[in-house]
């Protein structure tokens, strides 16, 4: 019930307007969002790099419905790639196709993404196409396979979600293409007709896809905070003699920092997804919905910080 409520709230613009003006809410969000501007996000990435952790910067926002907004987002990503290069950061970027104009027109979206990919190729960098709700899955994969990946095979990759029933087949296709995949569980409210309602099925599918990507994929990103799944990935790599530089673990900014550092100490590669931007409220609500225990966790940490600041 709490998960459904949080996902519902993530789409309420009036609530977002109120929350963004609330100092306590902004402090809570700062645990998971590295500020509202690129100038605020850069120090967060630099701090991660200093701890041996790479990053993927994501300008928050989706569901753009006007051409000028989509073009502005594309220009912002060019700036992000320029800053990564100028600051010599070990980072790439993640973006959503709806933020690049997919709901306006496919041609606009393709043109915007190609512009970003051109800049990424200039810098020998990489762009991850984030996966959104299931209504966009087929469109995203079709655009990726036929209009983006053929021209930028080293500079663009996709995200697949283990809670979708189709994902095992999508992983098989990705392995045949030889493209880079981030496998995650998924964070949108979906009907049972397209997504597994039972967490056990989501986890089992994740492990199956993870093993396929580790064995036959191209440098997969294993996006999870689940220690049981991480232990299984390590066991599988040892059993199949898969070197630690053939894959990387990925986690969210502000989540399980202890585990991030432990994996780095153990010799594994770690990338942290670093979101920033003014549209942090929907992102925050989905993170809380993924793991409602985060509500108590965030509240407790904010209270501690407030007490220390007295």
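The values are calculated or read from the model by the stated rules, or taken from the named source; none is laboratory data. Everything numeric here is computed off the predicted structure, so don't read it as measured data. Reconstructed Cβ throughout: ideal geometry from the backbone, glycine too, with neighbour counts over all protein chains shown.
Mind telling me which of the residues 118, 106, 69, 87 ends up being under 20 Å from residue 39 (Cα atoms), surrounded by fewer than 19 Cβ atoms within 10 Å (Cβ to Cβ) and at pLDDT 95 or above?
After applying the criteria, what remains is 87.
Across the stretch 262-273, which residue is surrounded by the most Cβ atoms within 10 Å (Cβ to Cβ) among those that are more than 17 Å from residue 236 (Cα to Cα) and touching a helix residue (DSSP H, G or I) at 6+ places or on another chain (Cβ under 8 Å)?
For the stretch 262-273, the residue satisfying everything is 272.
What residue, of 16, 32, is closer than 15 Å to residue 277 by Cβ, within 17 Å of the chain's Cα centre (by Cα) and at pLDDT below 90?
32
Restricting attention to the stretch 184-204, does a residue exist that is under 16 Å from residue 271 (Cα atoms), at pLDDT 95 or above and either out of contact with any strand residue (DSSP E or B) (no Cβ under 8 Å at 6 or more places or on another chain) or not in a helix (DSSP H, G or I) (or both)?
yes
Pull up the stretch 57-107, narrow it to residues that are touching a residue at least 40 places away in the same chain (Cβ under 8 Å) and in a strand (DSSP E or B), then point me to the one that is nearest to residue 128 (Cα to Cα).
Selected residue: 94.
Restrict the check to the stretch 161-177 and report whether at least one residue is within 21 Å of residue 237 (Cβ to Cβ), surrounded by 18 or more Cβ atoms within 10 Å (Cβ to Cβ) and under 16 Å from the mean Cα position of the chain (by Cα).
Yes, some residue in the stretch 161-177 is within 21 Å of residue 237 (Cβ to Cβ), surrounded by 18 or more Cβ atoms within 10 Å (Cβ to Cβ) and under 16 Å from the mean Cα position of the chain (by Cα).
Identify, by number, the condition in (1) closer than 22 Å to residue 181 by Cβ; (2) touching a strand residue (DSSP E or B) at 6+ places or on another chain (Cβ under 9 Å); (3) at pLDDT 95 or above that residue 49 doesn't meet.
So the condition that residue 49 fails would be (1).
Among the residues of the stretch 128-156, write down those that are under 24 Å from residue 196 (Cα atoms) and either touching a helix residue (DSSP H, G or I) at 6+ places or on another chain (Cβ under 9 Å) or modelled with pLDDT under 95 (or both).
129, 130, 131, 132, 133, 136, 137, 139, 140, 141
Which of the following residues is farther than 16 Å from residue 55 by Cα and either in contact with a helix residue (DSSP H, G or I) (Cβ under 9 Å, 6 or more places away or on another chain) or at pLDDT below 95 (or both): 303, 255?
Only one candidate qualifies: 303.
Take residue 230 and tell me if it is modelled with pLDDT of 95 or more, within 19 Å of the chain's Cα centre (by Cα) and over 30 Å from residue 110 (Cβ atoms).
Answer is yes for this residue.
Report, by residue number, each residue of the stretch 90-103 that is over 25 Å from residue 248 (Cα atoms) and crowded, with 23+ Cβ neighbours inside 10 Å.
98, 99, 100, 101, 102
Okay, residues lined up against (1) in contact (Cβ under 8 Å) with a residue 60 or more places away in the chain; (2) surrounded by 15 or more Cβ atoms within 10 Å (Cβ to Cβ):
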{"residue": "194", "(1), (2)": "yes, no"}
{"residue": "204", "(1), (2)": "no, no"}
{"residue": "254", "(1), (2)": "yes, yes"}
{"residue": "257", "(1), (2)": "no, no"}
{"residue": "260", "(1), (2)": "yes, yes"}
{"residue": "275", "(1), (2)": "yes, yes"}
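If you take the residues of the stretch 142-157 that are surrounded by 19 or more Cβ atoms within 10 Å (Cβ to Cβ) and part of a helix (DSSP H, G or I), which of them is nearest to the chain's Cα centre (by Cα)?
144
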